[in-house]
Amino acid sequence: MKITRELTNGCIIFLGIGIYFLIMDALGLSNHFYLRVLNVFIVIFGVNRTIAQNYAAGVRGYNTNLGSAILTSMIGALLSISGLLGLIYYRGGEPYLQKLSEGFLFGGGEASIYTYCIGLLFESAAASIIVSFCLMQFWKNKVEKINRVN
């Protein structure tokens, strides 16, 4: 079975985010919101890698590459949220979630584990679309400049 670029790069995003958050948790920095936001650079890396590989393979369609970029980031997001769900249950369930959510999405409210993960899913879907559109504009301009030179 051939593994697609989107799945491979989505798994790279998942591993990058997982390792990043585990290191932050081990260092006691997981309650700092601004450090949590830096995971967007991991997503940018994975999505950019997919688009670059598509262009190297001759895939030139804007919508095709945009769909590929969104799929890559959503695979990474879904895997990351499932990993977080497993981590929450491994670390004690609701009490760990209350500690985790104090400085993040729900501000320490009474969110259930599934509500928290669904909120992260919506947030990651929005971020996936934004990152994908931004990178597609970058690549569109880059390819147009290359075509003008040739």
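Do the conditions hold for L100, that is, is it outside any helix (DSSP H, G or I), farther than 22 Å from V143 by Cα and either at pLDDT below 90 or open to solvent by less than 30 Å² (accessible area, probe 1.4 Å) (or both)? Taking the combined requirement at face value, the residue does not satisfy it. For the stretch 1-39, a residue qualifies if it is within 11 Å of the chain's Cα centre (by Cα) and under 17 Å from G83 (Cα atoms), and the qualifying residues are N9, G10, C11, I12, I13, F14, L15, G16, I17, G18, N39.
Out of S68, S80, S73, I need the residue that is in contact with a Lys or Arg (Cβ under 9 Å, 6 or more places away or on another chain) and surrounded by 14 or more Cβ atoms within 10 Å (Cβ to Cβ). Which one?
S68
Of all residues in the stretch 19-65, those that are touching a Lys or Arg at 6+ places or on another chain (Cβ under 7 Å) and surrounded by fewer than 19 Cβ atoms within 10 Å (Cβ to Cβ) total 2.
Could you list, in sequence order, the residues of the stretch 104-122 that are at pLDDT below 75, surrounded by 14 or more Cβ atoms within 10 Å (Cβ to Cβ) and small (G, A, S)? Within the stretch 104-122, just A111 meets the criteria. Residues that are outside any loop (DSSP other than H, G, I, E, B) and more than 20 Å from Y20 (Cα to Cα) were ranked within the stretch 71-97; the one that is modelled with the highest pLDDT is L71.
The values are calculated or read from the model by the stated rules, or taken from the named source; none is laboratory data. This is a predicted model, so every value here is computed, not measured. When we count neighbours, we look across all protein chains shown, and the Cβ atoms used for this are built from the backbone with ideal geometry, even at glycine. Remember, those area values only see protein heavy atoms, side chains included, never the ligands or the DNA or RNA. Shrake-Rupley method; radii C 1.70, N 1.55, O 1.52, S 1.80 Å.
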